[in-house]
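Colleague: Structure below; questions to follow.
The values are calculated or read from the model by the stated rules, or taken from the named source; none is laboratory data. Quantities reported herein were computed from a predicted structural model and do not represent experimental measurements. Virtual Cβ from ideal backbone geometry, glycine too; neighbours counted across all protein chains shown. SASA here: full protein model, heavy atoms, side chains in, ligands and nucleic acids out. Shrake-Rupley method; radii C 1.70, N 1.55, O 1.52, S 1.80 Å.
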Amino acid sequence: MDTITSYLSSLTAEHYFFFLFAIVAIASSLEVVMQRSPLYSAIALVFTMASLAANFVLLKAQFLAAIQIIVYAGAIIVLFVFVIMLLNVRAEESRLDRFGALRFIAVPSALVLFLGAFAAIRFSNLDTLSPSPASAAAGTTERIAELMFTKYLLPFEAASVLIMMAIVGALVLASRARDVEAEMAAIEAPAESEAPLPEPEDRLEEVEVS
Amino acid sequence: MLTTVLTISGLMFALGVAGVLTRRNIIVIFMAIELILNAANLNFVAFSRYWASIGGISPHTGEVFAVFVMVVAAAEAAVGLGLVIALYRNRGTVSVDDIDLLKW
């Protein structure tokens, strides 16, 4: 009992907020996996990203928290929602039940993965590490930019090339494929495909004059 | 405290793996991959906060790598969803069970 009370009294407001956002993150990522409708999965993913951003703030990484909100919640999730709306994917979901056997293999193996990671963390001496002394500049844009444009300049340039290729690739993949042969045929023989004009008497319309 | 963060990140990673393995909708599989990448990001940030005492490495290295992970995630999402659109146009489905041309 004493250990519990001393543990609880050692917790600061930072810890409580951390646990709150961690629980939200885990619960909403469970929702991402469990929801039947992909749109609800995307909305749950927004909650996951937002609570992760809050945890980044608590870990003194403010710049990353802002980037997390802007890039994930602002761009990637919107892209997901766009595609879901565009394709109008109705429930694939009645067919999910056919794969009961597969699910009974997949979920235990994910559990084993987690337990392995948990054991590795639990029996390490990582808890002896203490947080680095907090300076006012920790996690700011300046500190990250300083590293990114000196020591990690080459990965930065490679990342920009990667983004460029991704833009071009996404455009090529998502744009409608042109039917080249049909276009060529239309250029070579434009008039024949058109319907003949209707006869003049057909175009006249009888109007009753009183 | 560090082990708590790492445990949460491990839990999120395992949830992402379970999602990739069980779901049949390719868009939801992409979302589960985003979960996995975010679990890795949480690890990077936690270590950049707690592992600063090791000499020679700047305490912000983890954050820089988290930014690179986000770059890769954004590129992956853009190209992947482009593929999904092209696939849906040609095959009329987003279920990974129906997209089995290269299977066996």
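Colleague: Per residue of A:30-37, what is the mean number of Cβ atoms on other protein chains within 10 angstrom of that residue's Cβ?
Modeller: Going residue by residue through A:30-37 and averaging, the value is 5.
Colleague: I'd like the Karplus ³J(HN,Hα) series for region A:43-57: coefficients 6.51, -1.76, 1.60, θ = phi - 60°, whole numbers in Hz, and an x wherever there's a Gly or Pro.
Modeller: With the stated coefficients, region A:43-57 comes to 5, 5, 5, 4, 5, 4, 5, 5, 6, 5, 4, 4, 5, 5, 4 Hz.
Colleague: What's the local net charge at B:VAL72, with K and R +1, D and E -1, over the other residues with C-beta under 15 Å away? Mind showing how you got there, number by number?
Modeller: Details: positive: none; negative: A:GLU157, B:GLU34, B:GLU76.
Around B:VAL72, the surrounding residues sum to -3.
Colleague: Averaged over peptide A:15-22, how many Cβ atoms belonging to another chain are found within 10 Å of each residue's Cβ? Mind dumping the intermediate values first?
Modeller: Values: counts 2, 0, 0, 4, 2, 0, 1, 8.
The per-residue average across the peptide is 2.
Colleague: Here is a follow-up. Which angle between 0 and 90 degrees, to the nearest 10, do you get for helix B:26-50 versus the longest principal axis of chain B when only C-alpha atoms count?
Modeller: For helix B:26-50, the angle is close to 10 degrees.
Colleague: Would you mind calculating the gained length between A:TYR40 and A:ARG122 on full extension (0.36 nm times residue separation, minus the Cα-Cα distance), in nm to one decimal?
Modeller: On the way: separation 82, 0.36 × 82 = 29.52 nm, distance 3.42 nm.
Gain on extension, A:TYR40 to A:ARG122, equals 26.1 nm.
Colleague: Take peptide A:8-14, look around each residue's Cβ out to 10 angstrom, count Cβ atoms belonging to other protein chains, and average those counts. Kindly include the intermediate steps, with their values, before the conclusion.
Modeller: Details: counts 0, 0, 0, 1, 0, 0, 1.
Across A:8-14, the average partner-chain Cβ count within 10 Å equals 0.
Colleague: In Å², and per residue, what accessible area does chain B have when probed at 1.4 Å with the other protein chains present? If you can, show how the numbers build up before the last one.
Modeller: On the way: 3910 Å² over 104 residues.
It amounts to 38 Å² per residue over chain B.
Colleague: Under 20 °C and 1.002 mPa s, how fast does region B:2-94 diffuse according to Stokes-Einstein, given a Kirkwood radius computed over C-alpha pairs? Answer in µm²/s, whole number. It would help to have the intermediate numbers written out before the result.
Modeller: Details: Rh = 14.7 Å.
D, rounded to a whole number, is 146 µm²/s.
Colleague: Once phi is turned into ³J(HN,Hα) by the Karplus curve 6.51 cos²θ - 1.76 cosθ + 1.60 with θ = phi - 60°, what whole-Hz value does each residue of region B:79-88 show in order, with x for glycine and proline?
Modeller: 5, x, 6, x, 4, 4, 5, 4, 5, 5
Colleague: Could you work out how far apart the two model spin labels at A:VAL107 and A:VAL172 are, taking each label as a point 7 Å from the Cα in the direction of the beta carbon, and quote it in nm?
Modeller: Going by the 7 Å Cα→Cβ label model, 4.2 nm.
Colleague: Of all accessible surface on chain B at a 1.4 Å probe, what whole percent is carbon and sulfur?
Modeller: Numbers: 2770 of 3910 Å².
Ligands and nucleic acids excluded, carbon and sulfur give 71 percent.
Colleague: Shifting gears a bit: I need the shape label for region B:61-104. Rule: rounded when a/c is under 1.5, else prolate if a/b > b/c, else oblate, with a, b, c from the alpha carbon gyration tensor.
Modeller: Verdict is prolate for region B:61-104.
Colleague: For A:ILE23 and A:GLU183 in one chain, what is 0.36 nm times their gap in residues minus the Cα-Cα distance, to one decimal in nm? Please list the in-between numbers first.
Modeller: Details: separation 160, 0.36 × 160 = 57.60 nm, distance 5.72 nm.
Between A:ILE23 and A:GLU183, full extension yields 51.9 nm more.
Colleague: Next up: Calculate, for A:THR141 and B:SER95, the FRET efficiency according to 1/(1 + (r/R0)^6) with r their C-beta to C-beta distance and R0 41 Å; round to the nearest 0.05.
Modeller: 0.45
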